[in-house]
Amino acid sequence: MRQTATGGAQGAPRPPRHRTAPAARLYWLVSGAPALVAALVVTLVPAWLWEAGRPWFLLAAAALTLLLLPRVLLAPWLRYRTHRWEATGTAVYSRTGWIGRQWRIAPLSRVQTVEATRNVLHRMLGLAAVSVTTGSAQGAVQIQGIDAKVADDLVAELTDAVEHTLGDAT
């Protein structure tokens, strides 16, 4: 395998340079908690109300807690360690996934829309998500959990770069 100028093996892309914002860990933790709370409510309320079924509902609550607790407590830190993004003069890159990795690359010549979104929790934590859409059937390049100011700057930078890039955006 040949080496590239950056020292990596040709065909093996280097990780994108930028991490998500540190507040993204809290965002992912808080956004994962409702599933755990709902599972506990669905199992513990009937256990409290129905004495004959209590052992089964408590067993279900324990099993659901064992399955969902790692998603709530461990996943945010693993996602923070693995999620990366970068925008260059030619493309937008993102790498996501802590079990299975997914690389997404959108050449600027193919970009159709660039948008930043903020839900209520994003706004509370000063975060945003940026979506770069192309004509591909595979969907948009998503950059989750970045600082809101960085997202605004990225959208402005990409919009300007796309405007000055030759291509048919398909």
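The values are calculated or read from the model by the stated rules, or taken from the named source; none is laboratory data. Please read all numbers here as calculations on a predicted model, not as lab measurements. Ideal geometry is used to build each Cβ from the backbone, glycine not excepted, and the neighbour counts take in all protein chains shown. These accessible areas exclude ligands, DNA and RNA; they are computed on the full protein's heavy atoms, side chains included. Shrake-Rupley method; radii C 1.70, N 1.55, O 1.52, S 1.80 Å.
When only residues in the range 139-160 that are open to solvent by less than 20 Å² (accessible area, probe 1.4 Å) and β-branched (Val, Ile, Thr) count, which is nearest to the chain's Cα centre (by Cα)?
ILE143
At pLDDT 90 or above and open to solvent by less than 50 Å² (accessible area, probe 1.4 Å), is that true of TYR93?
Numbers: at pLDDT 90 or above: yes; open to solvent by less than 50 Å² (accessible area, probe 1.4 Å): no.
No.
Could you list all residues from the range 67-83 that are open to solvent by less than 40 Å² (accessible area, probe 1.4 Å) and under 19 Å from ASP147 (Cβ atoms)?
Hits for the range 67-83 are PRO76, TYR80, THR82, HIS83.
Taking ALA128, is it of a type in the set (A, V, I, L, M), modelled with pLDDT of 95 or more and in a strand (DSSP E or B)?
Judged against the criteria, ALA128 is a match.
If ARG71 satisfies all but one of (1) in a helix (DSSP H, G or I); (2) under 30 Å from VAL162 (Cα atoms); (3) at pLDDT below 90; (4) not β-branched (Val, Ile, Thr), what's the number of the condition it fails?
(2)
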